[in-house]
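Report on the following structure.
The values are calculated or read from the model by the stated rules, or taken from the named source; none is laboratory data. Being a predicted model, the structure only gives us computed values, none of them experimental. Note: ideal-geometry Cβ built from the backbone for every residue, glycine included; neighbour counts use all protein chains shown.
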């Protein structure tokens with residue numbers, strides 16, 4: 001698909017350059033125009049071919065760099081080697097802290113408690129408090145009874 005688009009773009013460039021040269025030549029006499037078209041048209045195409053990059057080899061180079069990318073990796077490794085290790089550590093910690101903060105904000109926003117859940121939690125808390133109160137009363141009563149028996 002990209003080859004087709006590249007070919008179409010080149011054709012469009014070539015045709016626009018040819019039309020511009022034809023328009024400028026139309027002001028001259030018709031006999032001179034026909035002679036100049038054949039001779040200057042060829043030179044104009046040669047000049048355009050020389051000025052435009054060769055797409056086939058350019059695309060091959062780009063694809064090769066994308067696949068293998070040795071020069072890009074080497075440049076990245078050299079740049080990383082120049083960076084101070086303490087600065088790397090500090091930047092990594094800052095990035096991790098930002099991620100944690102974003103996650104906390106996300107969970108605060110998405111995990112809000114509904115009114116119904118609050119009511120149910122309150123009921124459960126009250127029930128537990130009552131149950132704990134009864135258990136505490138029973139435990140205190142048992143201790144009182146045991147204290148009386150020991151004497």
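Do we have any residue at all in the stretch 135-142 that's at pLDDT 80 or above and more than 30 Å from residue 3 (Cβ to Cβ)?
No - not one qualifying residue is present in the stretch 135-142.
So which residues in the stretch 111-138 are assigned to a helix (DSSP H, G or I) and either within 44 Å of the chain's Cα centre (by Cα) or surrounded by fewer than 10 Cβ atoms within 10 Å (Cβ to Cβ) (or both)?
Within the stretch 111-138, 115, 116, 117, 118, 119, 120, 121 qualify.
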